[in-house]
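The block underneath contains the structure these notes are about, expressed in structure tokens.
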Amino acid sequence: MSNQSSLAFAIALVSCTLSLAAQAPAPQPLKAMPYSPSLDVTSLDRTADPCQNFYKFTCGGWEKNNPIPADQAAWSVYAKLANDNQQFLWGVLEEDAKLTNRTPVQQKVGDYFAACMNTAAIDALGYQPVLSELGKIDALKTRAEVFAVLPSLHHEFPGNFFFGSGTGQDSIDSSTVIVELVAGGLGLPDRDYYTKTDEQSVKIREQYAAYIQQVLSLTGESAEQAKADSDATLRIETALAQASLTRVERRDPHKTYHMETVQELSNLTPSIDWPHYFEVQGAPGVTRLNVTQPDFMKALETELATEDVAALRGYLRFHLVTAAAPYLAQPFDQANFDFFAKTLRGVQSMPPRWKTCTRAVDRNLGEALGQEFVRRTFTADTKAKTQLMTEQIETAMQHEIENLDWMSPATKAEALRKLHAIRNKIGYPATWRDYSALDVKPDGYFGDVLRAARFEDARQWHKLGKPVDLTEWGMTPPTVNAYFNSQMNDINFPVGVLQPPLYDPKEDDAPNYGNTGATIGHELTHAFDDEGRKFDAKGNLRDWWTPEDAKGFEDRISCVRSQYANYVIVDDIHINSKLTSGEDVADIGGTLLAYIAWKKQTEGQTLAEADGFTPDQRFFVGMAQWACENQRPENERVSAITNPHSPGFARINGVVSNMPEFQKAFGCKAGQAMVHAPTCRVW
Ligand SMILES: [Zn+2]
């Protein structure tokens, strides 16, 4: 649930689970999606006091019953459902790989999967698939030759070489597609990994250096050469990281909007022949573009102009190999997993191959695989009901805006205009992406990977000069997630997120409005969070707030930031609430909107108690149970730096402690932990 782009158990139980796991048969493809209810009493911990820790009360049982699988960094209701989707699609893909008389969609997804599953063929090739590219890099003798190879490297090979380029909607005029340059070039998950000086961060940089040397050695480099290349890579990446904006800074769209001419860009980074660069990407004649981080481009120039050619070669070699590693022979794949999954996130073992390959098909042919998924899992009833819920929640938002006591009529009128312009996209795209230009073969996995990357790259560059495709989706149908896009001004709910235990057609309204309703409200609230509010009804970056109303908003969001900054993620690391405030506000606003919509929907009905809960209590338990999770501490440390979402316990307790409706439902009193004072509420 991100703003575009888009979650301890008893010793006896663990050992019991482990011994069971040792005897358990290997998983098989699922013939049908498994069912669990949107309000699950087995997930409760009734020994916990709901007024002191509502997350523990609703999810304590889930935490005990769902230890983190060895191939996962974290485990949650969302992750478990995503895993079920993959296990179901595994069977579909095995069938599509074998069928005769296949549709073009079945041929593409089936053959991509089959090529990925053929590890014997992948292993037999070693690192042969990257040999010719490595040879090109090794042949670079002068600085000019290094700069000359960059455009084609960016065009032909997936890899994080110094910076990123692509296309996107112009922030000021979202009806236009423009070229964008973004900061990049790092191997670690965030620029902060290079600037922090605490013991953990220093250790991770040492482990990263060891990984660089390991993969370079696998391509035949001497230990001495690999050490020199890893020193160079870390030196270059550190300089680029220091010049990169932080994640918090990047949440301000003004900080990443700098329209410049190609001549101005050439003044910032003269080492690169930019007109030639854009021509190679398939966009000749570009004259203006958004240089999102000009200071980064200056620092890049310093690196390009001062590092010696051998250092630049070492950096390029590493980024080529690390990007290719997951698709090369086992030692490369294993080294990549050992650092990025095991060391960084605490994952114990590699996922089974079927999972890796199902994810690969979803990532690269998502709207082909999505067609196979949708026709087997999505019903007209679910579509109609979730569409109705969305409209009811939008009506609730309209009434909230109309009745705000701190906002002027002028700002309200703009807010309502924006609300009414939001487009609701539910389930899957109206028009499926056409993959006919992408050639997929059942043998030669690396070729499929490269062709898929180039197909996507070309698709993005071809958007230049054409009207924005408002029907496009940023997530694939099986994805268990949802998002709001400020510039498209749309909310998007893939089929994957509209299944039990999230949306549950077997349950009544209370847990469904609590769970899926709150998710719909969450995405809708993103249109009016601290980042989303800067865009107008057309998706343009434009300040439509009076200064007094803007101050009113900022005062209210400060309340949320202060509250969430108190929650500890892991060790002594608190939530960076300037990073999470957009999500936190969406959680608070979204739950309130869903509650209002549910009350309206059930007006005049006599609702029964169930499982010892009143209807209001069932709404809140259903809401909280989407967030049940277990996380490895390593993963929590990565999340603390990179994840704009607060951890599950804070997402639930942070919300309900601001809701008198919840406190009344459970009889909570002032002074108890789930009664936050003052109440923080923006919408
Ligand atoms: Zn979100």
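The values are calculated or read from the model by the stated rules, or taken from the named source; none is laboratory data. Predicted model only: the values in this text are computed from it and were never measured. FYI the Cβ positions are ideal-geometry reconstructions off the backbone, even for glycines, and counts take in every protein chain you see. Remember, those area values only see protein heavy atoms, side chains included, never the ligands or the DNA or RNA. Shrake-Rupley method; radii C 1.70, N 1.55, O 1.52, S 1.80 Å.
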Next on the checklist: Report every pair of residues separated by at least 6 positions or lying on different chains whose Cβ atoms are under 7 Å apart, first residue within the stretch 346-374 and at positive phi, second open to solvent by 30 Å² or more (accessible area, probe 1.4 Å).
Outcome noted: G346/P633; G346/E634
Next on the checklist: Criterion first (open to solvent by less than 30 Å² (accessible area, probe 1.4 Å) and charged (D, E, K, R)) does R317 satisfy it?
Outcome noted: yes
Checklist entry - Considering D571, D611, D587, which residue is of a type outside the set (A, V, I, L, M) and within 16 Å of the ligand (Cβ to nearest atom)? => result D587
Checklist entry - So how many residues does the stretch 255-295 have that are in contact with a strand residue (DSSP E or B) (Cβ under 7 Å, 6 or more places away or on another chain) and surrounded by fewer than 15 Cβ atoms within 10 Å (Cβ to Cβ)? => result 3
Checklist outcome for this item: Here the residues within the stretch 601-659 that are of a type in the set (S, T, Y) and either open to solvent by 10 Å² or more (accessible area, probe 1.4 Å) or farther than 23 Å from S76 by Cα (or both) are T602, T606, T614, S639, T642
Item to check | Failed criterion for R102 (all others in (1) more than 18 Å from N364 (Cα to Cα); (2) part of a helix (DSSP H, G or I); (3) of a type in the set (K, R) hold) | outcome: (2)
Checklist entry - Can you tell me which residue in the stretch 443-459 is farthest from the chain's Cα centre (by Cα), limited to those that are surrounded by fewer than 16 Cβ atoms within 10 Å (Cβ to Cβ) and of a type outside the set (D, E, K, R)? => result G447
Checklist entry - Taking the stated definitions as given, is S132 of a type in the set (S, T, Y) and crowded, with 20+ Cβ neighbours inside 10 Å? => result no
Item to check | Out of T476, T471, sole residue that is open to solvent by 50 Å² or more (accessible area, probe 1.4 Å) and at negative phi | outcome: T471
Next on the checklist: Looking for something outside any loop (DSSP other than H, G, I, E, B) and more than 30 Å from H420 (Cα to Cα) - is there at least one such residue anywhere in the stretch 598-613?
Outcome noted: yes
Next on the checklist: Show me the helices (runs of 4 or more DSSP H) found entirely inside the stretch 355-432 where at least 3 residues are loosely packed, with under 15 Cβ neighbours inside 10 Å.
Outcome noted: 380-403, 409-421
Checklist outcome for this item: Within the stretch 296-311, residues surrounded by 15 or more Cβ atoms within 10 Å (Cβ to Cβ) and closer than 26 Å to V179 by Cα come out as F296, M297, A299, L300, E301, E303, L304
Next on the checklist: Just to be sure I understand the filter: pairs with C-beta atoms under 9 Å, separated by 6 or more residues or on different chains, first member in the stretch 154-182 and assigned to a loop (DSSP other than H, G, I, E, B), second member among the aromatic types (F, W, Y) and at pLDDT 95 or above. Which pairs pass?
Outcome noted: F161/Y315; F162/Y315; D170/Y257; S171/Y257; S171/F535; I172/Y257; S174/F535
Checklist entry - If you check D96, D71, D49, D45, which single one turns out to be acidic (D, E), open to solvent by less than 20 Å² (accessible area, probe 1.4 Å) and part of a loop (DSSP other than H, G, I, E, B)? => result D45
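Yes or no, residue by residue, for (1) in a helix (DSSP H, G or I); (2) under 30 Å from N540 (Cβ atoms); (3) of a type in the set (D, E):
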| site | (1), (2), (3) |
| --- | --- |
| N267 | yes, yes, no |
| Y277 | yes, yes, no |
| G285 | no, yes, no |
| D295 | yes, yes, yes |
| L304 | yes, no, no |
| Y315 | yes, no, no |
| A324 | yes, no, no |
Checklist outcome for this item: Picking from V480, V440, the residue that is within 16 Å of the ligand (Cβ to nearest atom) and part of a loop (DSSP other than H, G, I, E, B) would be V480
Checklist outcome for this item: Counting only residues in the stretch 523-581 that are farther than 18 Å from P647 by Cα and of a type in the set (A, V, I, L, M), the one surrounded by the fewest Cβ atoms within 10 Å (Cβ to Cβ) is identified as A550
Checklist outcome for this item: Checked D295, D333, D252, D338 against criteria (acidic (D, E), out of contact with any helix residue (DSSP H, G or I) (no Cβ under 7 Å at 6 or more places or on another chain) and closer than 26 Å to I204 by Cα); the one match is D338
Next on the checklist: Tell me which helices (runs of 4 or more DSSP H) are completely within the stretch 187-252 and hold 3 or more residues being surrounded by 17 or more Cβ atoms within 10 Å (Cβ to Cβ), or say none if there are none.
Outcome noted: 192-195, 199-218, 223-242
